[in-house]
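What follows is a set of notes on a single structure, which appears directly below.
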Amino acid sequence: MKTRFKDRNGEIIYTGDIVSVEQYPDKYVGGSYSYAGIIEERNGRIYAVYYDIGEEEALPLSMFPKAGRLILDERGRYEYWKTAFLGGEPPEELYKREIYSKV
């Protein structure tokens, strides 16, 4: 599903995209958020969801400025899923943007 958000390169962000987000791009601010997360829609809002083993944290994508969002390329998505699945193969239907952006 297409969202109303764009990344720093002007590309439209879709649900299912894996996006690197930074709360304060290009500067260090202690306690700020910076992670790679999956874009999900929950109750009509768009979130960048951080997943770790047994943990998740969903933050609204709107709290990250456009300059602090970057959609990961195919290699980055593959590496993200490989890490998330601890070395296993990622589910192709979830890491290939070309597939889920056409839904």
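The values are calculated or read from the model by the stated rules, or taken from the named source; none is laboratory data. Remember, it's a predicted structure, so these values are computed and weren't measured experimentally. Because the Cβ atoms are built from the backbone with ideal geometry, glycine has one as well, and the counts that use them run over all protein chains shown.
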ask   = Met63 passes all but one of (1) at pLDDT 80 or above; (2) over 15 Å from the mean Cα position of the chain (by Cα); which number fails?
value = (2)
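Taking Tyr50, is it at pLDDT 80 or above and in contact with a Leu (Cβ under 9 Å, 6 or more places away or on another chain)?
So Tyr50 passes the test.
Give the residues of segment 25-43 that are touching a residue at least 12 places away in the same chain (Cβ under 8 Å) and either among the basic types (Lys, Arg) or part of a strand (DSSP E or B) (or both), sorted by residue number.
Ser34, Tyr35, Ala36, Gly37, Ile38, Ile39, Glu40, Glu41, Arg42
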query = Among the residues of segment 35-67 satisfying the criterion of being acidic (Asp, Glu) and in contact with a Gly (Cβ under 9 Å, 6 or more places away or on another chain), which is nearest to Thr15 (Cα to Cα)?
reply = Glu40
ask   = Conditions: (1) more than 8 Å from the chain's Cα centre (by Cα); (2) outside any loop (DSSP other than H, G, I, E, B); (3) polar (S, T, N, Q). Ser20 meets all but one. Number of the miss?
value = (1)
query = Could you give every pair whose Cβ atoms fall below 8 Å, whose first residue belongs to segment 8-24 and is farther than 18 Å from Met63 by Cβ, and whose second residue is loosely packed, with under 14 Cβ neighbours inside 10 Å and at pLDDT 95 or above, counting only separations of at least 6 or pairs across chains?
reply = Ile12/Lys6
task = Determine which single condition Ala36 fails, assuming it passes every other condition in (1) buried (at least 18 other Cβ atoms within 10 Å of the Cβ); (2) at pLDDT below 85; (3) of a type in the set (A, V, I, L, M, F, W, C).
result = (2)
note = In segment 44-69, anything surrounded by 15 or more Cβ atoms within 10 Å (Cβ to Cβ) and assigned to a loop (DSSP other than H, G, I, E, B) is listed as Phe64
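Tally time: how many residues in segment 1-22 are surrounded by 16 or more Cβ atoms within 10 Å (Cβ to Cβ) and not aromatic (Phe, Trp, Tyr)?
10
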request  = For segment 7-15, indicate whether the set of residues that are closer than 20 Å to Thr83 by Cα and among the small types (Gly, Ala, Ser) is non-empty.
outcome  = no
